[in-house]
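Trainee: Please read through the structure below; I'll follow up with questions.
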Amino acid sequence: MFVIGLTGGIGTGKTHVSKLLQEHGATVINADTVGHEAYLPHTETWREVVSAFGQEIVDDDEQINRRKLGAIVFSDPAHLQRLNSIVHPRIYAMIRDRIESLRADGVKVVVVEAALLIEAKWTPLADEVWVVTAPQEHVLSRLTGRGMSREQALARIGSQMPQEERVTHADVIIENASGIYELESSVAETWNSRVSARIEG
């Protein structure tokens with residue numbers, strides 16, 4: 001099995017790249033989806049988060065209110081660090097278990113799509129780290145197209161690991177600087193050069 005850790009900043013197009021890789025035959029594990037499962041009521045993660053941040057973050061249906069939790073953790077770096085110390089190792093373990101289950105099923109290629117792959121120290125899950133990049137103006141255009149103001153978009157970009165730092169962790173850099181056709185072509189070339197031989201050999 002070959003495991004690709006796919007990451008990139010907000011608005012760079014990593015989800016589109018992950019769909020293209022899926023079309024080439026990869027099985028995708030989305031870390032956001034796994035993260036939502038980690039927060040489900042009465043799981044171990046749910047209990048630890050509620051214990052750390054109080055019952056007031058829990059709604060009537062026992063779901064953790066992500067907005068209330070966000071208001072607490074994003075106002076204080078120590079709170080955010082505490083939350084991450086609870087949640088990131090759990091998500092890591094859940095993704096690892098899924099990879100092993102897929103390995104047992106004979107799956108050849110897995111893509112772990114995770115915005116925080118590097119920051120959360122999940123790179124040991126992957127054989128290679130692929131980073132999707134895009135020029136900032138392209139990213140701003142995509143984010144404002146999703147309804148953010150330019151200021152909000154710049155704040156979101158500024159809150160993340162800088163692209164220049166992220167690419168220093170990359171085995172592969174996929175530049176999403178042109179159009180869809182060019183991106184599809186780049187992904188196909190990268191698949192053929194780095195993945196095909198591994199899974200056919």
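All of the numbers you see were taken from the coordinates with simple rules; none came from a lab. What you are looking at is a predicted structure, and each value in this text was computed from that prediction instead of being measured. Backbone-built Cβ (ideal geometry, glycine too); neighbour counts: all protein chains shown.
Trainee: Sequence-distant or interchain residues sharing an amide H contact under 5 Å with Phe2, placed H: which?
Mentor: Under 5 Å from the amide H of Phe2: Val109, Val110.
Trainee: Would you give the gap between the C-alpha center of the range 99-137 and the C-alpha center of the range 159-196, rounded to a whole Å?
Mentor: Their Cα centres are 13 Å away from one another.
Trainee: A further question follows. Charges at C-beta only: +1 for Lys and Arg, -1 for Asp and Glu. How large is the resulting dipole of the chain about its Cα centre, in Debye rounded to 20?
Mentor: On the way: 20 positive and 28 negative charges, 29 e Å.
Magnitude of the dipole: close to 140 debye.
Trainee: Only counting other Cβ atoms within 10 Å, I'd like Phe74, Phe2, Phe53 sorted with the fewest neighbours first.
Mentor: Details: Phe74 12, Phe2 16, Phe53 19.
With the fewest neighbours first, Phe74, Phe2, Phe53 line up as Phe74, Phe2, Phe53.
Trainee: Considering the options Leu40, Ala177, Asn30, tell which one lies farthest towards the positive end of the dipole of the chain, charges being +1 on Lys and Arg and -1 on Asp and Glu at the Cβ, about the Cα centre.
Mentor: It is Ala177, whose Cα lies furthest towards the positive end.
Trainee: Show that you can apply the helix-only estimate: for the chain, add -39,500 (n - 2.57) for every DSSP H stretch of four or more residues, divide by all residues, and state [θ] at 222 nm to the nearest 500.
Mentor: On the way: 10 runs with 107 residues, N = 201.
Computed mean residue ellipticity for the chain: -16000 deg cm²/dmol.
Trainee: Also, quick follow-up: Taking 0.36 nm per residue of sequence separation and subtracting the Cα-Cα distance, how much length would be gained by fully extending the chain between Ala197 and His36, in nm to one decimal? Write out the running numbers ahead of the final one.
Mentor: On the way: separation 161, 0.36 × 161 = 57.96 nm, distance 3.47 nm.
So the chain would gain 54.5 nm between Ala197 and His36.
Trainee: Something else now. For Asp61 paired with Ser85, estimate the spin-label separation in nm (one decimal), with each label point 7 Å from Cα along the Cα-to-Cβ line.
Mentor: 3.2 nm
Trainee: Another question about this same structure. Which percent of the Cα-Cα distances in the range 104-201 go past 18 Å?
Mentor: Of all Cα-Cα distances in the range 104-201, 57 percent exceed 18 Å.
Trainee: Can you give the % of DSSP beta bridges in the chain that are antiparallel, to the nearest 5?
Mentor: Numbers: 1 of 19 bridges.
Taking every DSSP beta bridge with both residues in the chain, the antiparallel ones total about 5 percent.
Trainee: Also, quick follow-up: Net charge within 15 Å of Leu40 by Cβ-Cβ distance, Lys/Arg positive one each and Asp/Glu negative one each, not counting Leu40 itself? Mind showing how you got there, number by number?
Mentor: Working: positive: Arg47, Arg66, Arg90; negative: Asp32, Glu37, Glu44, Glu48, Asp59, Asp61, Glu62.
Around Leu40, the charge tally is -4.
Trainee: Each label point is 7 Å from the Cα along the Cα-to-Cβ direction; what then is the distance between the points at Ala93 and His169, in nm?
Mentor: A separation of 2.2 nm, rounded to one decimal place.
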